[in-house]
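The values are calculated or read from the model by the stated rules, or taken from the named source; none is laboratory data. Computed from a predicted structure; not experimentally measured. Backbone-built Cβ (ideal geometry, glycine too); neighbour counts: all protein chains shown.
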Amino acid sequence: MKRREMRRGFRRFGLACLGTALLAALPACGSASSDGRQLSGPPTVLRVPQQYPSIQKAVNTARSGDMVLVSPGVYRESVQLKTARVVLRGTDRDEVVVDGEFKRANGITVTGAASVVENLTVRNNLANGLLFTGVTDEALQGPGAGGAGYDPLDTAAFPALRGFRASYVTAHNNALYGIYAFDARDGVIEHSYGSGHADSGIYVGQCKPCNTVVRDNTTEHNAVGIEVTNASEDLYFLGNTARLNRVGMTVNSNNLEALGPQHRAVVAGNLIADNNDRHSPEQADGGFGIGVGIGGGTYNRFERNRVEGHSRAGFFLQDVQGYPVRGNEIRDNALDGGQLGLVVEARRSAGNCFVRNGSVPTSPVSLPVGLTACPGRDAPLATPGSPRSGGAVPPGMSFREVPAPPAQPDMPSPGKAPARAAVGLPGKVDPARYPLPGPAGAEKA
C-alpha cells in the first residue's frame with residue numbers, strides 16, 4: 001500500500017556586490033524578485049490569497065525557512081511542497097480546506113525535508129489527504145500505491161524524507177489514507193484527526209529506524225484507525241484515540257513494501273474502543289470488530305492501553321505472508337471482559353506474551369505457559385485461536401458518503417505563532433508519561 005518521492009535542495013546564490021563602477025549597471029544585493037519579494041534575507045511570511053492566488057504558487061515561491069500562511073477558503077488544488085524547512089499553516093483549521101473534489105490523487109504531498117503542515121483540513125482526494133514521503137517521482141504517488149500491483153520501493157533510489165511534522169490537521173473522506181508517512185523518518189504526527197477513509201486515518205509505513213512519534217490524535221469512522229506496516233525502531237504511538245472504526249489499529253509485515261518484517265514499535269496510553277462501526281468504508285481484508293490486529297508484526301510493546309468494546313477480539317495475532325507474529329509483549333493493558341481479550345491464530349506462541357491485562361477470555365481458552373510471562377517463550381498451541389464470529393460483517397459505505405467530521409480545535413495562536421520547521425524531531429520520547437486512559441464512557445457515540 002504505498003507511493004514515492006525524493007529530495008530537492010536548490011539554493012539561491014546572489015551576485016556578490018561589485019565595485020562602485022558597476023553599481024549603476026547591476027541590481028543591488030538583496031534585490032527583489034519580479035513579484036516584489038526579497039530573494040535573500042530573513043525568513044518571511046507568504047500570504048494566501050492576499051499575495052498569492054493559490055497555495056501552490058506560494059509554496060513554489062517559498063524559500064527554506066519561510067511560512068506560507070493561508071486564510072480561510074476552499075482551495076481546489078493538489079499541493080506539492082518540495083522545498084526544505086517550509087511551514088504550511090492555515091489560520092483556521094476548519095475553514096482552510098484543500099479540496100480534491102474527488103478527482104485529484106493527493107491533497108498535499110511533502111517531499112521537502114523538515115517541512116511542516118499544520119492547522120488546516122484536507123479532504124475528498126482519490127488517494128491520500130496528506131502524504132510525507134521520500135519518493136520524489138510524482139507518477140508513483142497516486143492511487144496505485146495502495147493496490148495489489150505495487151512493487152516494493154527501491155530504498156537506495158528513494159532515501160527516506162528526513163524530518164516532517166503534521167499538527168492540528170483534519171483529514172477526511174480520502175480514498176486511502178488521511179495522514180500518510182511513507183519512506184519518511186524523524187517526524188511527528190500530533191493533535192490531528194482522520195475520518196472516512198477506505199484504508200486508514202493515520203498510516204506509517206516503510207521506515208527503519210523511523211524515529212517518529214504519533215501522539216494525541218483521534219481516528220474514527222475509517223476502515224482502520226491507525227495502520228503500521230514495515231515501520232520499525234524508535235517508533236511510538238502515544239495517547240491516541242482510535243474509536244468507532246472497523247478495526248482500531250493494525251501492525252503489519254508484508255511483501256508489498258520494503259524493510260519487512262515490522263519490528264520494535266511502542267504502543268502506550270491509547271484508547272482503542274468500540275471499533276465495530278457499520279457506518280464506515282469496508283476494510284480491504286474484511287476486518288471488523290477488532291481492537292488491535294497484529295499481522296506478522298514482531299517484538300512490539302503494547303502497554304497501558306485501554307482496549308474495550310470489540311465484538312470479535314481485543315488483540316488479534318496472526319501469521320501473514322510468511323511472517324510469523326513473534327515476540328510481541330502485551331502487558332498492563334485494560335481490557336473489558338465482554339470481549340475476547342486475545343486471539344492467537346497461529347500454531348505456536350512464538351515468544352509473544354500476554355500479562356496483567358485483566359480477567360478476559362482468550363482463544364485458545366488455555367494459553368500455553370510460554371504466553372503467560374514476559375518475555376514470552378516459544379511453545380506449541382494445541383489449536384489455533386479464532387475470533388468470535390459475531391454474524392456477517394456489515395457492508396461498508398463509500399468513503400465519499402461518510403459524514404464530515406465536527407469542528408476540531410485550532411492550534412494556539414495560528415496567526416501569530418512563530419514558524420517551527422521539523423528539525424530535531426521527535427525529541428526526547430518518554431512513553432511513561434502516557435498513563436492508562438479512562439473508560440470511553442461518554443465518548444462512545
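Based on what the data block shows, is LEU81 at pLDDT 95 or above and out of contact with any Asp or Glu (no Cβ under 7 Å at 6 or more places or on another chain)? Yes, satisfied.
Somewhere in the stretch 296-311, is a residue in contact with a Leu (Cβ under 6 Å, 6 or more places away or on another chain), free of Cβ contacts under 8 Å to residues at least 60 places away in the same chain and over 12 Å from PRO387 (Cα atoms)? Yes, there is a match, as at least one residue in the stretch 296-311 is in contact with a Leu (Cβ under 6 Å, 6 or more places away or on another chain), free of Cβ contacts under 8 Å to residues at least 60 places away in the same chain and over 12 Å from PRO387 (Cα atoms). When restricted to residues that are surrounded by 24 or more Cβ atoms within 10 Å (Cβ to Cβ) and of a type in the set (Gly, Ala, Ser), the stretch 59-69 contains 1. Taken over the stretch 90-103, the criterion of being within 20 Å of the chain's Cα centre (by Cα) and not β-branched (Val, Ile, Thr) is satisfied by GLY90, ARG93, ASP94, ASP99, GLY100.
Scanning the stretch 416-433 for residues that are closer than 20 Å to GLY269 by Cα and either aromatic (Phe, Trp, Tyr) or assigned to a loop (DSSP other than H, G, I, E, B) (or both) returns PRO426, GLY427, LYS428, VAL429, ASP430.
Per-residue answers, yes or no, for (1) part of a strand (DSSP E or B); (2) more than 26 Å from LEU244 (Cα to Cα):
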{"site": "ASP285", "(1), (2)": "no, no"}
{"site": "GLY295", "(1), (2)": "yes, no"}
{"site": "LEU317", "(1), (2)": "yes, no"}
{"site": "GLN339", "(1), (2)": "no, no"}
{"site": "ALA350", "(1), (2)": "no, yes"}
{"site": "SER359", "(1), (2)": "no, no"}
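I'd like to verify a number: residues in the stretch 32-61 that are at pLDDT below 60 and not in a loop (DSSP other than H, G, I, E, B), how many? Result for the stretch 32-61: 2.
Table: residues versus (1) part of a loop (DSSP other than H, G, I, E, B); (2) among the aliphatic types (A, V, I, L, M); (3) under 25 Å from CYS207 (Cβ atoms); (4) over 15 Å from the mean Cα position of the chain (by Cα).
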residue	(1), (2), (3), (4)
THR109	no, no, yes, no
VAL122	no, yes, yes, no
LEU126	yes, yes, yes, yes
GLY129	no, no, yes, no
PHE132	no, no, yes, no
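Checked against the criteria, VAL402 does not count as outside any loop (DSSP other than H, G, I, E, B), at pLDDT 95 or above and either of a type in the set (A, V, I, L, M, F, W, C) or under 23 Å from ARG312 (Cβ atoms) (or both). Checking LEU271 against (1) surrounded by fewer than 24 Cβ atoms within 10 Å (Cβ to Cβ); (2) closer than 25 Å to PHE158 by Cα; (3) aliphatic (A, V, I, L, M), which test does it fail? Of (1) surrounded by fewer than 24 Cβ atoms within 10 Å (Cβ to Cβ); (2) closer than 25 Å to PHE158 by Cα; (3) aliphatic (A, V, I, L, M), only one is false for LEU271: (2). Only residues that are surrounded by fewer than 24 Cβ atoms within 10 Å (Cβ to Cβ), assigned to a strand (DSSP E or B) and touching an Asp or Glu at 6+ places or on another chain (Cβ under 7 Å) were counted across the stretch 204-235, and they come to 1. Just for the stretch 103-137: of the residues that are touching an Asp or Glu at 6+ places or on another chain (Cβ under 7 Å) and under 17 Å from TYR168 (Cβ atoms), which one is surrounded by the most Cβ atoms within 10 Å (Cβ to Cβ)? It comes out as ASN119.
Counting only residues that are within 12 Å of the chain's Cα centre (by Cα) and buried (at least 24 other Cβ atoms within 10 Å of the Cβ), the stretch 152-169 holds 4 of them. Among the criteria (1) touching a Ser or Thr at 6+ places or on another chain (Cβ under 8 Å); (2) under 29 Å from PHE158 (Cβ atoms); (3) surrounded by fewer than 24 Cβ atoms within 10 Å (Cβ to Cβ), the one PRO72 does not fulfil is (2). Within the stretch 354-373, residues that are farther than 16 Å from LEU436 by Cβ and touching a residue at least 24 places away in the same chain (Cβ under 8 Å) reach partners that are of a type in the set (A, V, I, L, M, F, W, C) and assigned to a helix (DSSP H, G or I) with beta carbons closer than 7 Å, at six or more positions or on different chains, in the pairs PHE354/LEU371.
Filtering the stretch 186-237 to residues that are at negative phi and among the small types (Gly, Ala, Ser) leaves GLY187, SER192, GLY194, SER195, ALA198, SER200, GLY201, GLY205, ALA223, GLY225, ALA231, SER232.
If I ask for residues that are surrounded by fewer than 24 Cβ atoms within 10 Å (Cβ to Cβ) and either within 13 Å of ASP336 (Cβ to Cβ) or in contact (Cβ under 8 Å) with a residue 60 or more places away in the chain (or both), which ones from the stretch 277-288 would you list? If the condition is that a residue be surrounded by fewer than 24 Cβ atoms within 10 Å (Cβ to Cβ) and either within 13 Å of ASP336 (Cβ to Cβ) or in contact (Cβ under 8 Å) with a residue 60 or more places away in the chain (or both), then ARG278, HIS279, GLU282, GLN283, ALA284, GLY286, GLY287 are the ones that fit.
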